[in-house]
Amino acid sequence: MTEQTTSSEKPTLQGEMLTLRPIRASDAEAVWEVVTDPEGKRLTGTTRTFAREEVDHWCATVGDLPGRVDLAITLAGQDEYLGEIVLSDIDEVVRSANLRLVMRPGYRGRGYGTEAIELVLGFAFDGLGLHRVGLDVLSVNARALSLYENLGFRVEGRRRDAYRDGDRWCDAIDMGLLEDEYRAGQLSA
């Protein structure tokens, strides 16, 4: 299912429905939509306000940053940015990284996140040789929590009242997937 090619050490991953490619300057308009979407900000706990110039600069330069792989989610055979998936804080000694996924508002709930995560996990464990991939998800984001659990991530802890949800607080649920758990899930699939 996964074909991997690399350009400047940043991969392009090919799945059945999706192609994951490095983020580039031309994605800035779509990324701007993501970082200004109120529901997306709420579900990810994002409180920071970004300037458009910051987004433009980020998209043009993120591919050059070490210790991370930021990939645009696109439909196979097309190039439109639908969202992004990121492996950050890549530690080659500990062999771990953090995972983050965000979709543009019109592309949530279509199964793209599932395939994108599967592709990136294959790259993380088989391509980078990682031992652990972790993430955190807000307790108010039931759909994301269910997605991660279905992909084999296990709850490792809870940080109480770590994020805001409007006028209320919500917990951050820390999750992780180890290499042997990933491999066991691949065998049973």
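The sole residue among R160, R164 that is at pLDDT below 95, part of a strand (DSSP E or B), among the charged types (D, E, K, R) and over 21 Å from L20 (Cβ atoms) is R164. Restricting the first member to the range 22-43 and to residues that are free of Cβ contacts under 8 Å to residues at least 24 places away in the same chain and within 17 Å of G106 (Cβ to Cβ), and the second to residues that are of a type in the set (A, V, I, L, M, F, W, C) and crowded, with 18+ Cβ neighbours inside 10 Å, the beta-carbon pairs closer than 7 Å and six or more apart or on different chains are W32/V55; V35/V55. Name the residues in the range 37-76 that are of a type in the set (V, I, T) and at pLDDT 95 or above, would you? Across the range 37-76, the qualifying residues are V55, T61, V62, V69, I73, T74. The conditions of being more than 14 Å from the chain's Cα centre (by Cα), under 22 Å from T19 (Cα atoms) and free of Cβ contacts under 8 Å to residues at least 24 places away in the same chain are met by T61. I'd like the residue in the range 96-134 that is part of a strand (DSSP E or B) and open to solvent by 10 Å² or more (accessible area, probe 1.4 Å) and, out of all such residues, is farthest from R158 (Cα to Cα). Selected residue: M103.
A quick yes/no check of all residues on (1) touching a helix residue (DSSP H, G or I) at 6+ places or on another chain (Cβ under 6 Å); (2) within 30 Å of E39 (Cβ to Cβ); (3) among the aliphatic types (A, V, I, L, M):
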{"site": "D136", "(1), (2), (3)": "no, yes, no"}
{"site": "A142", "(1), (2), (3)": "no, yes, yes"}
{"site": "L145", "(1), (2), (3)": "no, yes, yes"}
{"site": "N150", "(1), (2), (3)": "no, yes, no"}
{"site": "A184", "(1), (2), (3)": "no, no, yes"}
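For A76, are the conditions met, namely being at negative phi, of a type in the set (G, A, S) and in contact with a Phe, Trp or Tyr (Cβ under 6 Å, 6 or more places away or on another chain)? Judged against the criteria, A76 is not a match. Out of all the residues in the range 135-155, which are in a helix (DSSP H, G or I), of a type outside the set (G, A, S) and open to solvent by less than 50 Å² (accessible area, probe 1.4 Å)? Those that are in a helix (DSSP H, G or I), of a type outside the set (G, A, S) and open to solvent by less than 50 Å² (accessible area, probe 1.4 Å): L145, L147, Y148.
Those residues that are in contact (Cβ under 8 Å) with a residue 24 or more places away in the chain and not in a strand (DSSP E or B), I need them from the range 167-183; list them, please. E179, E181, Y182, R183, listed by residue number.
With respect to L178, determine if the residue is buried (at least 17 other Cβ atoms within 10 Å of the Cβ) and either under 19 Å from T44 (Cβ atoms) or among the basic types (K, R) (or both). For L178, the condition - buried (at least 17 other Cβ atoms within 10 Å of the Cβ) and either under 19 Å from T44 (Cβ atoms) or among the basic types (K, R) (or both) - is not met.
The values are calculated or read from the model by the stated rules, or taken from the named source; none is laboratory data. Worth saying up front: this structure is predicted, and the values here are computed from it rather than measured. Note that each Cβ is placed from the backbone with ideal geometry, even for glycine, and that neighbours are counted across all protein chains shown. Only protein heavy atoms, including side chains, enter the accessible area calculation; ligands, DNA and RNA are left aside. Shrake-Rupley method; radii C 1.70, N 1.55, O 1.52, S 1.80 Å.
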